[in-house]
Structure formats: structure tokens, C-alpha cells
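The block underneath contains the structure these notes are about, expressed in C-alpha cells.
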Amino acid sequence: MTQSNTITIDLAKTVFQVAFFNKFGVLKSNEKMTELKMLSFIVNHPEALICMEACSSAHYYGRKFEGQGHKVKLLPPHIVAKYRAGNKNDANDALAIYEALKRPNIYSVAVKSISQQDLASLLKLRKGYIKQRTQVSNRARGLGAEYGVKLPEGITSLKKRLPDILEDDGNQLTPASRFILADLLEEVHRLDSKIKHATAQLVELAKSTSECELLTSLPGVQWITASALYARLGNGSEYKYGRNASASVGLVPSHSGSGGKNKLHGITKRGDKYLRSLITHGARAVVSNIRDKQDKLSCWIRALSSKHHFNKITIAVANKLVRMALAMLKSATPYRADLA
């Protein structure tokens, strides 16, 4: 255990629960504090180990405390919950953070830098608009079905077909339903514009970030995927091995068993679902276009293709891409085909 004082904080919007442990691990206080009182309390205990759950505002306070000379650890909330004793309340949550911190082999979440935070926020904005567009298009299909009008799947097909349906006087659409469908179509176009604008901002920021430029040298990785990888992995310091990084993205097999008999199943699907989908799409493109390429990665994929299904090979390549991305971020060197 650390030989410095330890402060655990259960974060909130206005009232924070702050527990203070001395260097011997003895609980000295566990109080509710306003933000100003919490910041003042931390200033009075320099070079402390500060531990919080990796939740909303954790990265902001993490950067702030690191700037004051403290060491900061962010623990995943689902890990902390396993060490809570008694009922769930702020005081017990602060104590649970300390109990989780004491356990060996507990992994922590790296504090995001400002550039990582910007990229992650733009990714979430873009993803949110895409989700909203899907919801609106599904709403339009559901409404159309109530009037005997079957709209096609796919955003492009919907935008192309719906105007003709609205102008067709021979279908069962009423004036009210035509108004609703026209309004939903307008909303789809508005969200399209939002998605394009958010994507342009994301790519522009990624192009100005050296780590993202480095990652685009990886096969199957372009600016959006590179920004998601960097936002997740940072400089790679929190991951000891490449497998740890791929496991955090959910690209390793889950397993179960007892009595010494373990069975491997499909991938765990833990961590960042959006990053996993991006890296999997990139891996699928790599597998689909190996043709007669003779680089080491293509030869490895070609050897797998004689033994395994296309989808299994795709996941194996996605796993390898995340591992290689971590190695590149740690060493600050571009992709080398001779080492793949």
C-alpha cells in the first residue's frame, strides 16, 4: 500500500463525499463537502493519492489534481461496487473506493488529457446524432406501416423513396400522416447535416493530433477510428500488455468453467462498444482486401482463412490491430509491415 495520505472522493454535482486516510491506512474523516471546501481540503494535503470512480467529471478533477502535484487513480464503478459494505450511500461509496484501491491487480482508468477529452466528446456527439437519425427513420417506418406504406430500410433508400410516397395520391396516407412523415424526413435531413458537421470537426481535430496521424498508418484505420483509439488508449501507459488493451475493448474470448475445466466462448464485448465496432469494420476491410499481398499481416490472414470462418478472422485481426495500436502509441513509431 502507498506510504502517502489517501483521499477518496465520491463525486457528485454539488455535494462531494470525501474520505481521508493517513499513510497507515487509518480512516481520519469521511465528510460531505461542497466543491470549494473539497478543493481547499485537498490543497491542505499535498502530494496525496486521490482516488475516484471513473464517472462524470472524474477526468476534469483528475487533471486538476495532477496539476497540483497529487497522484490520481480512477477506478471503474462496477469494480468499486463489489467492495461496498452495507447500504448504498455516499459515505459507504467513499469507503468502497478505498477498499477497491487496496486490492492487488485492480486496474485503473487513465486520466484523459484535454486532446483526448475533445476527441472523445466529438465522437460521442457524432454517435448521438447517428443514433437520433436511426430513431427518427424507424419512427417514420413504423408510422408508414400503420397506413399500409412500407418504407425501405437504410437511410439513403428512405430519403430517396419517401418524397415520392408523399406525392403519391393513390396510397392510404391521410393529410395528418403526410404532415408527420414530411416532418420526420426534414428531421432526417437536419440530422444528416449535423452528422457531417460533427464528422468534419472530428477529422480536423484528429489531423492536428500527432498520435492520430501516427495511428492512421495502421491498415484499416482512418481518422475516425484513429481518434477513437487515441481517446481510449492515450499514451498506453495504463496497459502493461497488448492483451490488456484488446480486453478493455472487448475483443478477447470470454471463458467459464470449474474443476479445472475451462471453456472459451465468444468475445466478451466489454468496454467501448463504439470503438469495437469501428475497429471491427476496419479489420473486415483488411481481411476482404488481402488479395495476393505478401506483407506479413496479409500472409498471416491468408493462413487463417484456410482454417477459420471469415467473421472469426475479422475479430482476430481487430484484436491484433488494437495490440499494434498500443505498441505504436507507447513507442511513438508508425506501423511497420515487417514487424506486424
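The values are calculated or read from the model by the stated rules, or taken from the named source; none is laboratory data. Predicted model, so just to flag it, every value in this text is computed and none were measured. FYI the Cβ positions are ideal-geometry reconstructions off the backbone, even for glycines, and counts take in every protein chain you see.
The table below gives the values:
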{"item": "Some residue of the stretch 137-155 being among the basic types (Lys, Arg) and at pLDDT below 95", "result": "yes"}
{"item": "Any hit, the stretch 256-274, residues being closer than 28 Å to TYR107 by Cα and part of a helix (DSSP H, G or I)", "result": "yes"}
{"item": "Pair list, Cβ under 6 Å, 6 or more apart: the stretch 266-280 residue surrounded by 22 or more Cβ atoms within 10 Å (Cβ to Cβ), other residue of a type in the set (D, E, K, R)", "result": "LEU275/ARG232"}
{"item": "Residues located in the stretch 131-154, provided they are surrounded by fewer than 16 Cβ atoms within 10 Å (Cβ to Cβ), assigned to a helix (DSSP H, G or I) and of a type outside the set (D, E, K, R)", "result": "THR134, GLN135, ASN138, GLY142, ALA145"}
{"item": "Elements of type helices (runs of 4 or more DSSP H) in the stretch 165-255, at least 1 residues being within 23 Å of ALA140 (Cβ to Cβ) and among the hydroxyl-bearing types (Ser, Thr, Tyr)", "result": "175-207"}
{"item": "Within the stretch 15-30, tally of residues that are exposed (fewer than 15 other Cβ atoms within 10 Å of the Cβ) and not aliphatic (A, V, I, L, M)", "result": "6"}
{"item": "Residue within the stretch 85-92 that is at pLDDT below 95 and basic (Lys, Arg) present", "result": "yes"}
{"item": "Any hit, the stretch 221-234, residues being free of Cβ contacts under 8 Å to residues at least 40 places away in the same chain and within 18 Å of LEU278 (Cβ to Cβ)", "result": "yes"}
{"item": "Where VAL252 falls short, out of the listed (1) surrounded by fewer than 16 Cβ atoms within 10 Å (Cβ to Cβ); (2) in contact with a strand residue (DSSP E or B) (Cβ under 7 Å, 6 or more places away or on another chain)", "result": "(1)"}
